[in-house]
């Protein structure tokens with residue numbers, strides 16, 4: 001079975017390495033500051049004990065007051081996984097550092113999050129819509145998007 | 001006047017015989033050699049994730065059928081696993097065995113289709129394709145016995161399956177398990193040793209293990225590169241921990257390995273189906289789940305080893321009868337992440353073959 | 001009165017009889033048809049008959065081909081329209097004729113329209129010099145085989161015309177591939193024919209058939225093999241169909257054509273295997289000659305057999321890549337062709353007029369050489385087949401019979 005690492009333990013490890021990055025942690029998940037995502041991921045990938053070498057998925061959830069970025073990470077050699085989350089407050093001009101420099105697999109997923117949720121990623125080489133066409137009004141996965149504006 | 005050459009840009013798709021759906025690649029060629037590839041998606045985008053937010057947990061099952069429409073069972077399974085994880089439901093034994101069995105039958109279907117179209121991409125004039133479809137038809141008939149549908153099955157429910165197996169299913173399955181290994185041997189005799197296939201597929205479209213892991217590639221494509229990662233072994237769900245099977249691995253990660261991988265996985269799937277059929281006992285087929293599932297507030301990620309790779313559903317519940325967020329981690333989309341690394345520098349014909357060997361499904365890429 | 005136009009010396013009896021019929025037809029002592037008109041009429045009728053026979057046979061051939069490929073692919077093939085689906089070609093023709101003939105913007109109009117015509121001329125011209133039966137041919141050219149080599153290259157011009165004029169990049173790709181392939185395969189094709197010419201001592205196809213005491217396939221196995229491959233490549237049939245590779249280039253050079261223009265391309269492509277089969281029959285299978293049955297029937301049966309073999313290859317093999325096709329031509333077929341040529345030349349030099357025993361000795365020598373060469377080539381080509389690790393073995397286990405349990 002894949003071991004789901006305890007969020008508290010990982011939060012301490014992250015905090016040791018990158019002070020001030022962790023916002024909150026429970027037994028399952030770790031919340032980090034969105035602007036530190038790239039450093040945290042670099043640490044998680046590079047740390048020899050953790051070695052999260054595989055990015056499973058990137059999701060974004062619209063909680064009205066804030067957006068939550070959810071990163072599912074996996075370590076193939078150790079067979080353990082971690083859910084990394086980041087809260088982005090606000091509705092407009094949201095920017096999160098891109099992790100495409102660490103994982104090539106983040107490319108399409110970040111573009112999808114941008115397309116459907118409207119969170120853009122700084123440092124992504126090709127930040128444009130992926131599913132919808134250029135010039136599509138709005139970001140349809142948001143909760144306040146009800147139908148296409150006329 | 002000096003001879004001047006310039007690269008040619010071709011829009012391969014969205015309507016093209018071998019893009020397996022409405023997929024488009026903007027390719028820059030130098031003669032026959034590929035200089036750059038830019039995949040362009042979205043022609044089949046139906047907004048499944050948005051649609052799911054307005055449906056009950058049971059209704060969403062029909063949406064998952066239409067993701068990867070050649071492996072609906074696996075999609076159903078991944079979805080119900082995610083919801084069961086979210087709601088804390090444990091399905092009964094018989095349902096778990098049935099789920100594993102049909103998921104493996106579906107894997108055979110998907111791999112047959114993949115092998116057939118792969119050979120079609122190689123230019124074999126649909127002959128291997130029709131051979132593969134012959135056996136696919138048998139499995140689809142079995143699905144029809146189980147749930148009345150052939151492609152969009154909606155067979156599984158949160159907490160089990162929707163209907164017990166009809167008695168006439170078992171003899172048909174028994175016959176199938178008898179003749180299917182022979183048919184796989186026939187494919188091998190016809191295809192595996194063919195010199196043209198070997199010269200076309202060996203050493204083309206190589207994907208290294210490092211690139212594969214880095215690009216979030218999963219499924220047969222990842223294992224063909226030699227990475228031993230199969231969720232059925234690494235994170236067993238339902239009754240896979242009781243099954244005895246091998247995970248075939250490739251060595252080079254070329255098109256030939258990916259082809260062999262699918263043939264070998266079909267054999268392993270047959271082993272699993274046999275064991276399921278041996279071990280399954282009578283019993284209830286569905287846990288006591290209300291018609292409208294209301295999972296507690298929270299989130300869960302459920303994943304299975306679908307035929308194309310790791311299919312995952314990230315579900316967020318707000319305690320209502322509909323999912324608050326329904327995110328699909330689609331293997332087809334992510335398996336395309338390394339497309340550029342695999343294609344740049346190879347020839348047009350190899351490009352088609354490599355693309356066919358990744359085995360994507362546009363319903364899942366665009367969702 | 002001695003006719004002015006004397007090429008009939010070389011023509012067959014049908015032709016001369018027809019000519020005589022027209023030229024000597026008199027009306028109250030007056031002969032209204034002049035010699036030149038009689039010459040034209042006789043020629044026109046013969047050519048008309050041959051071209052239409054070829055087209056009709058091809059049309060039935062499309063039905064046979066589709067039914068057979070259906071069988072190869074474990075399905076039925078077209079069987080709805082008419083008995084056994086025999087009227088399917090008619091339906092196809094009606095559909096094609098009634099289709100709108102679209103022409104994309106920006107095409108080179110003249111070249112675009114001319115290309116299908118140029119394309120269909122060549123496969124028809126092949127039949128001008130083929131002896132269909134004993135003393136049955138349109139023309140007995142003394143350079144018949146040279147004529148065929150020249151004529152079979154013409155479709156490439158049409159291909160390039162179509163590919164260039166369409167203004168479509170897929171078409172252009174197909175056309176470029178077509179030209180490259182032709183240039184490569186013309187060489188081994190000619191080399192393989194030269195062996196036959198050395199044995200027959202003539203360029204005329206009629207003489208070649210008559211020179212075959214035993215079918216030349218026995219004396220020229222290597223030449224036959226090279227010729228089969230080369231002619232498949234010239235016709236762009238699988239496994240050499242890179243020109244219109246449907247999974248790569250949509251339809252290659254005729255991507256932009258529709259209606260009957262596309263139909264003309266398709267018709268030419270269906271005629272081409274019959275032409276190729278006729279050439280192979282004439283050069284290697286002793287042409288129309290055979291025991292018991294009439295010579296025309298023998299010819300037809302042999303052509304059908306060769307055509308079936310070509311179809312079989314097409315239904316079975318996947319496609320080679322463009323560089324592999326060129327490599328096959330230059331690295332394997334070209335040296336083999338040279339080898340075959342030298343061996344045949346040496347044999348002809350040693351046994352100038354071979355006795356039966358010497359002839360069979362030649363057969364033995366050539367077959368041994370051919371088999372050795374082909375085995376060597378297949379080993380060189382197939383990139384070490386067995387070094388790959390075997391697949392995971394499928395374990396044999398005793399399984400409960402499920403019927404008894406449930």
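Derivation of every value follows stated rules applied to the coordinates shown; laboratory data play no part. This is a predicted model, so every value here is computed, not measured. Methodologically, a virtual Cβ is constructed for each residue, glycine included, from the backbone with ideal geometry; neighbour enumeration extends over all protein chains shown.
Once label points are set 7 Å from the Cα along Cα→Cβ at both residue C:379 and residue A:101, what is their separation, rounded to one decimal in nm?
5.6
Taking each residue of B:194-201 in turn, how many C-beta atoms of other protein chains fall within 10 Å of its C-beta, and what is the average?
6
Taking each residue in B:114-124, count the Cβ atoms of any other chain within 10 Å of its Cβ, then average. What number comes out?
For peptide B:114-124, the averaged partner shielding equals 4.
Where does chain A land at 222 nm, in deg cm²/dmol rounded to the nearest 500, when only DSSP H runs of n ≥ 4 count, each adding -39500 (n - 2.57), divided by all residues?
-6500 deg cm²/dmol
Pull out a ≥ b ≥ c, the square roots of the eigenvalues of the alpha-carbon gyration tensor of chain A, then state rounded if a/c is under 1.5, prolate if not and a/b is larger than b/c, and oblate in the remaining case.
Cα axes put chain A in the prolate bin.
Test of understanding: ordering B:211, A:100, C:102, B:5 by Cβ neighbours within 10 Å, fewest first, what list do you get?
Least crowded to most crowded, the residues run B:5, C:102, B:211, A:100.
Which value in nm describes the separation of the simple spin-label points at residue C:339 and residue B:297, placed 7 Å from the Cα toward the beta carbon?
The answer from the label model is 8.1 nm.
Tell me the mean residue ellipticity at 222 nm calculated for chain C from its helices only (DSSP H runs of n ≥ 4, each -39500 (n - 2.57), averaged over every residue, nearest 500).
Result for chain C: -21000 deg cm²/dmol, rounded to the nearest 500.
Provide the percentage of antiparallel DSSP beta bridges, counting only those with both residues in the stretch A:65-150; round to the nearest 5.
If I count the DSSP bridges inside the stretch A:65-150, around 70 percent turn out antiparallel.
Which of the peptides C:151-160, B:104-113 is most tightly packed, and how do the rest follow, judged by the mean count of other Cβ atoms within 10 Å per residue?
B:104-113, C:151-160
Which order do the peptides C:327-338, C:237-248 come out in when sorted by mean C-beta neighbours inside 10 angstrom, highest first?
Result, highest mean first: C:237-248, C:327-338.
Counting DSSP beta bridges with both partners in the protein assembly as shown, what percentage is antiparallel, nearest 5?
So the antiparallel bridges in the protein assembly as shown amount to around 85 percent.
Identify which of B:24, B:189, B:136 has the largest mean-square fluctuation in a Gaussian network model of chain B, with springs joining Cα atoms closer than 10 Å.
In this elastic network of chain B, the residue with the biggest mean-square fluctuation among B:24, B:189, B:136 is B:189.
Return the single residue from B:192, B:201, B:115 with maximal mean-square fluctuation; model: Gaussian network over chain B, springs between Cα atoms under 10 Å.
B:192
How far is the Cα center of the stretch A:1-77 from the Cα center of the stretch B:280-339, in Å?
22
Compute the FRET efficiency between residue C:149 and residue A:133 as 1/(1 + (r/R0)^6), taking r as their Cβ-Cβ distance and R0 = 45 Å, and round to the nearest 0.05.
FRET efficiency, residue C:149 to residue A:133: 0.25.
Would you please give the FRET efficiency between residue C:179 and residue C:312, computed as 1/(1 + (r/R0)^6) with r the Cβ-Cβ distance and R0 = 22 Å, to the nearest 0.05?
0.20
Just report the Cα centroid separation between the stretch C:141-168 and the stretch B:145-188, whole Å.
First find each Cα centre; the distance between them is then 54 Å.
What share of the DSSP beta bridges in chain A is antiparallel, in percent to the nearest 5?
Roughly 70 percent of the beta bridges in chain A run antiparallel, per DSSP.
With contacts defined as alpha carbon pairs under 8 Å and 6 or more residues apart, what's the relative contact order of chain B in percent?
28
For B:327, A:128, C:261, what ranking results if the residue with the fewest other Cβ atoms within 10 Å of its Cβ goes first?
Going from least to most buried by this count: A:128, C:261, B:327.
Helix-only estimate, please: 222 nm mean residue ellipticity of chain B, summing -39500 (n - 2.57) across DSSP H runs of length 4 or more and dividing by its residues, to the nearest 500.
-14000 deg cm²/dmol
Let me check against my output: what whole-number percent is the relative contact order of the stretch C:168-247, with C-alpha pairs under 8 Å and at least 6 apart?
41
Compute the long axis of helix A:37-46 from its Cα atoms, compare it with the longest principal axis of the Cα atoms of chain A, and write down the angle in degrees, 0 to 90, nearest 10.
40
If I take every Cα pair under 8 Å that is 6 or more residues apart in chain C, average their sequence separation and divide by the length, what percent do I get for the relative contact order?
Worked out over chain C, it gives 18 percent.
Of the peptides B:356-366, B:58-68, how do they stack up when ordered by the mean number of other Cβ atoms within 10 Å, highest first?
B:356-366, B:58-68
How crowded by other chains is B:261-271, given as the mean number of beta carbons from other chains within 10 Å of each beta carbon?
2
In whole angstrom, note down how far apart the Cα centers of the stretch C:28-101 and the stretch B:18-74 are.
45
Considering chain C as a Gaussian network with a 10 Å cut-off on Cα pairs, which listed residue, C:180, C:277, C:49, attains the greatest mean-square fluctuation?
For chain C, modelled as a Gaussian network with Cα springs under 10 Å, the answer is C:49.
What's the exposure ranking of B:183, B:237, C:185, going from fewest to most Cβ atoms within 10 Å?
B:183, B:237, C:185
Can you give the FRET efficiency to the nearest 0.05 for residue C:79 and residue B:186, using r as the Cβ-Cβ distance and R₀ = 22 Å?
Plugging the Cβ-Cβ distance into 1/(1 + (r/R0)^6) gives 0.30.
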